[in-house]
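Q: Take a look at this one; I'll ask things after.
The values are calculated or read from the model by the stated rules, or taken from the named source; none is laboratory data. As the structure is a computational prediction, the values presented were derived from the model and not from experiment. Note that we place each Cβ from the backbone using ideal geometry, even for glycine, and neighbour counts take in every protein chain shown. Quick note on the areas: whole protein, heavy atoms, side chains included, nothing else; ligands and nucleic acids left out. Shrake-Rupley method; radii C 1.70, N 1.55, O 1.52, S 1.80 Å.
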Amino acid sequence: MIPFDILVAVCVSYVALLFIIAFMAERRASAGRVGWLRSPLVYTLSLSVYCTAWTFYGAVGYAARSGLEFLTIYLGPTLVLVGWWWALRKLVRIGKTQRITSIADLISSRYGKSNALGVIVTLLAVVGTTPYIALQLQSVTLSFAVFVRAGTDGWALPDVNATALWVAAGLALFTVLFGTRNLDANERHHGVVTAIAVEAVVKLVALVAVGIFVVWGVADGPRDMAIRISESPLAGTDFAAGRWVGMTFLSAAAIFTLPRMFQVLVVENADERHLATASWAFPLYLFLMSLFVMPIAVIGLATQPAGANPDLFVLTVPLSLGQEGLATLAFLGGFSSATSMVIVAAIALSTMVSNHIVMPLWLNWQNTGASMSGDVRKLVLRARRISIAGVLVLGYAYFRLTGGSEALASIGLISFTGVAQALPALLGGIFWRGATRRGAGAGLLIGLAVWLYTLFLPSFGAGSVMSAGLLSDGPWGVAWLRPQALFGVDGVDPLLHAVFWSIALNSFAFIGVSLWGVPGPMERLQGAQFVNVFDHSSDAQGWMQGAAEAEDLLIMAQRILGGTEAQALFQRAAVAQGKTGYLPDTTPAFLERLERELAGSVGAATAHAMVGQIVGRSSISVEDLMAMADETAQMMEYSSQLEAKSAELERTARQLREANEKLTELSVQKDAFLSQISHELRTPMTSIRAFSEILMGGEDLRIEDRRWYSSIIHDEGIRLTRLLDDLLDLSVLENGQVSLNLQPANLRDLIDRAVAATTEPKGDGAITIHRDRAAENIELVTDTDRLCQVFINLIVNARKYCTADAPELRIDARRQGDGVLLDFVDNGSGIPKRSQAIIFEKFARLSDRNAAGGAGLGLAICREIMGRLGGSIAYLPGQGGAAFRVQLPLRPPETSAPAGSQGEAPAQLNHA
Amino acid sequence: MGSNVLLIEDEPNIIEAIRFILARDGWHVQTHSEGTSALAAVLRARPDLLILDVMLPGRSGFDILRDIRACAEIAALPVLMLTAKGQSRDRAMAESLGVSRFMTKPFSNAEMLAAVRDLAAR
């Protein structure tokens, strides 16, 4: 038998060896010779903190109780490493780019740097890990006890609690020494990791050695072993599919969520590529660890007395068979398993506790800002050390409270279930951009509560924390709230029940609340950077160098600002930095300046995104893109608005210009019109006044003269009257106030009337009128008086102005479609081409001869009348003499019939 | 003091009226009723006084006045201008061209006679 003292000595020596290894590794690392310290092999071995004392001792116990089900503990991690390798890689990439220090930090950071979430995850981790640490302490003390029990040669039974205390204190010391040497997450714990790698080898060697002894020493080789296994009671163990699935899920989740796994997997990872090695090497390690579990359990059941704790078969089998050296090696393997787990877990937990609980509280208490001074650095280290001690004190306290009577495996599974509550928030955080802080918080809290209620608290046993009545009848007798039969799901394995409800409600709350709410800007930003980590970080190996960056920035700036301006900007910045050339250092001040300059051209969001893309310090988030799109759209809209506005302004200006021209023209027309009227009125009045004064003098006038002058006065009076009539007529026509007197008539009758009206009683000035009376036989509806007025005007004009010796006027009438065409053509010299355009204007008298009644308004009146009647009058060139064409419909269009409603605006303008 | 008056006017009744008024006062009145040949008529007639209408066929009274003032032989000729337009702008125009007297139609016979006598006396 190994004396207790020697066992202790071995233990202390082993720990001393670990200290030396850790110290050497630290020395080597600080000398810059990292080398093999950071090899894929060491990384893979460090992952073996997954295999704790629970795995080392407990797997055999598990197998002895439940057969092959223990394999699920290895199955989960294997599946994750082989099948979900890329998810771990994503975690590692995120951990590096975001400088993540723990799983609490990851979740807090992902959800908008919410410390509340960090606190929740920290508490979850502490609550979930404390039993596990207690479990390790228990396993060490139990293993000591095995040797004590075996030692019948009278050494005093050591105090179990004291052993646990000493172990805890030793571990605390080691962890403080090597776990808090430095602060930054990027400066990894080389010593700790190396020591753990060594422990991983010891574990494996010890377990494999016991296995080989069992297979080849106790049994007679593999064949005999296989026969023994198939003959053992374990062969008949029921295969519970539900538990298999549940356990596999739990152990798979544990890889992601166990704080110590996160520590070695992500935080301590030196190179992403190591994961590739680990993805096959770690499953291989697990395979070797599990290979001899079943044989040891079978041999243990066969050789150990009934009632022996199967969790200790790894120790008791070699011990009872006199293999003390092997037993000691197995003891060291178990010790390694326990210590490595406690050390890494303590580091991980202390980081969380100090970062998320102690530091915020301290800063709050100090009421100072987070100034990163040397004092703060010391403070953080002190907080970590205290946290490490605190974590171990908690573990020890739990160990003392529970009395170490539980089966190892059940405590482990309770822990697994607890920390698995972080899984929805974690996976959702790295794969789902829509996940929100509130969702994560709700999921975590509900999962934590359900876990506590359905698994953790009941695990203390009926009557300890929860009363037996509560467990069997539910709180206040509400049966569907029974902790182990929630919502009436009865008769299920309590672990499976707890896993199902906690994870289901957790996920439901997480997804539901996330969908219901909207992530804040910070959450969106972080979410984008986490979920799309591979899009943004090219290789986590470092950023582009300054010069290349500056050149890229210059190229981009030239595209946006134009060559001259961009070069001037860069040159100025370079000169300001005391450099020559065009490439300044990309200092934050310069980048900010550049961003502002660019923002002037392309908008702030775009500028930010562009600079960020080149500098690589930030990535384009959805928000950036949205803002970019918004800005672009706004700019486009704005520019199209400007265009429309300028077009509108142009249109308005043109309208104003036209209106102004029109007004000017009208003003000129008005002046000319008034001037004309004045002339037309004053001229006859001059004669009238002069001759009336002569007549009033009455002296020596001959009677003929007297009569002549009187007739002049008379004619000029008539001329005045006619002028006034014409003016009024025109005014009425132009204002549209004329009322048409429509009636059916025959065109021939109307022409007869006009010819008759113009026939001079005296023979002089007579004109021969040629007509085709048959063709004139056209029935129409019109204002006969007005139409006659037009005809008379045309006939009078012909008679007045036709210069031929034998004046003739030909009137041609003919139907054309729905209308009538009437041509009045005389045999005179016609109207010169340049005058043809103005003859229809007012006072456009071409001749100097003021034949009686001519005020120059006739044709203007004719044009107005024809317009009212729905027809037109135009000069018809190329007919030899003067020719006018009158066109009118057989029936006036409806619109022109109700007089007074048409054309008022232009008429008023014309007449102004 | 001369007694030859040239009247350039296109309204026959007004010509008749003025001729009557001036002839009764002893003036010798010649008439012309067209614009384009007006200057030639003045040079031919060499009147002591010119009565000039503004609205003339062919050439306006203003243009004829400008021609007269530009023509050395007759530049000093007293010109009495008549217009039926009666706008102040026309008066200003006539004065700027060097009219001797500007009268608006209709006028009283006495006024006309006084103006003619006045201008001829200068």
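Q: Using the charge dipole of region A:628-706 (Lys, Arg: +1 at Cβ; Asp, Glu: -1 at Cβ; taken about the Cα centre), state which of A:ILE677, A:SER687, A:GLY697 has its Cα farthest towards the positive end.
A: Of the options given, the answer is A:GLY697.
Q: Under 21 Å Cα to Cα from A:LYS842, which lysines show up? Leave out anything in the same chain fewer than 8 places away.
A: A:LYS662, A:LYS670, A:LYS800, A:LYS833, B:LYS85
Q: Distances longer than 22 Å among the Cα atoms of region B:4-121: what percent of all pairs is that?
A: Within region B:4-121, distances greater than 22 Å cover 23 percent of Cα pairs.
Q: Moving on. Largest first, how would A:VAL344, A:VAL15 line up by accessible area (1.4 Å probe)?
A: Sorted by accessible area, descending: A:VAL15, A:VAL344.
Q: Something else now. Can you give the helix-only mean residue ellipticity at 222 nm for chain B, where every DSSP H stretch with n ≥ 4 adds -39500 (n - 2.57) and the sum goes over all residues, rounded to the nearest 500 deg cm²/dmol?
A: -13000 deg cm²/dmol
Q: State the extension gain, in nm to one decimal, for the chain segment bounded by A:VAL8 and A:THR97, taking 0.36 nm per residue of separation less the distance between their alpha-carbons.
A: Between A:VAL8 and A:THR97, full extension yields 27.6 nm more.
Q: Just to check I understand the Karplus step: with θ = phi - 60° and J = 6.51 cos²θ - 1.76 cosθ + 1.60, what whole-Hz values come out for region B:104-110, glycine and proline as x?
A: 9, 7, x, 10, 8, 4, 5
Q: Moving on. Out of residues 5 or more away from A:ILE839 or on other chains, whose amide H comes under 5 Å of its own, with H placed 1.01 Å from N in the peptide plane?
A: HN-HN under 5 Å from A:ILE839: empty list.
Q: Shielding of A:766-773 by partners, i.e. mean partner chain Cβ atoms within 10 Å per residue?
A: Taking the mean over all residues of the peptide, I get 0.
Q: In whole percent, what relative contact order does chain B give with Cα contacts below 8 Å and a gap of six or more residues?
A: Relative contact order, chain B: 24 percent.
Q: Pull out a ≥ b ≥ c, the square roots of the eigenvalues of the alpha-carbon gyration tensor of region A:691-731, then state rounded if a/c is under 1.5, prolate if not and a/b is larger than b/c, and oblate in the remaining case.
A: In terms of gyration-tensor shape, prolate.
Q: Additional query: Of A:LYS96, A:LYS662, A:LYS670, which has the most accessible area and how do the rest follow, probe 1.4 Å?
A: Correct descending sequence by accessible area is A:LYS662, A:LYS670, A:LYS96.
Q: I'd like the distance between the alpha-carbon centres of region A:694-763 and region A:561-592, rounded to an integer number of Å.
A: About 93 Å separates the Cα centre of region A:694-763 from the one of region A:561-592.
Q: Using a 1.4 Å probe and counting only protein heavy atoms, arrange A:VAL205, A:VAL825 so the residue with the most accessible area comes first.
A: Sorted descending by solvent-accessible area, the residues read A:VAL205, A:VAL825.
Q: Taking a probe of 1.4 angstrom, what is the accessible area of B:CYS71 in Å², to the nearest 10?
A: Roll a 1.4 Å probe over it and B:CYS71 shows about 30 Å².
Q: Follow-up. Got a sec to turn the phi values of region B:10-26 into Karplus ³J(HN,Hα) couplings, 6.51 cos²θ - 1.76 cosθ + 1.60 with θ = phi - 60°, whole Hz, x for Gly and Pro?
A: Working through the residues one at a time gives 9, 8, x, 5, 6, 4, 4, 5, 5, 4, 4, 4, 6, 4, 5, 8, x Hz.
Q: Shifting gears a bit: Could you derive backbone 3J(HN,Hα) for region A:823-832 from the dihedral phi with the Karplus parameters 6.51, -1.76 and 1.60 (θ = phi - 60°), listing whole Hz in sequence and x where the residue is Gly or Pro?
A: Whole-Hz 3J(HN,Hα) from phi for region A:823-832: 10, 10, 10, 9, 10, x, 7, x, 10, x.
Q: Could you list which residues have their amide H under 5 Å from that of A:ILE778, counting only those 5 or more apart in sequence or on another chain, with H placed in the peptide plane?
A: When sequence neighbours closer than 5 places are left aside, the close amide H contacts are A:LEU747, A:ARG748.
Q: If you take each beta carbon of peptide B:78-85 and count the beta carbons of other chains within 10 angstrom, what is the mean?
A: Mean shielding by partner chains, rounded to a whole number: 3.
Q: Any idea of A:MET24's accessible area? Nearest 10 Å², probe 1.4 Å.
A: Surface accessible to solvent at A:MET24 totals approximately 120 Å².
Q: How much solvent-accessible surface does B:ASP90 expose, in Å² to the nearest 10, with a 1.4 Å probe and all protein chains in place?
A: Result for B:ASP90: roughly 20 Å² accessible.
Q: Continuing with the same structure: Assuming 0.692 mPa s and 37 °C, estimate D for region A:696-765 with Stokes-Einstein, Rh taken as the Kirkwood radius over Cα pairs, in µm²/s.
A: 199 µm²/s
Q: Could you pull out every residue, at least 5 positions away or on a different chain, whose amide H is within less than 5 Å of the one on B:LEU77? Hs are placed 1.01 Å off N in the peptide plane, and Pro or chain starts have none.
A: Under 5 Å from the amide H of B:LEU77: no residue qualifies.
Q: Right, something else. Within 10 Å of each Cβ in peptide A:672-681, how many partner chain Cβ atoms are there on average? Round it to a whole number, please.
A: 4
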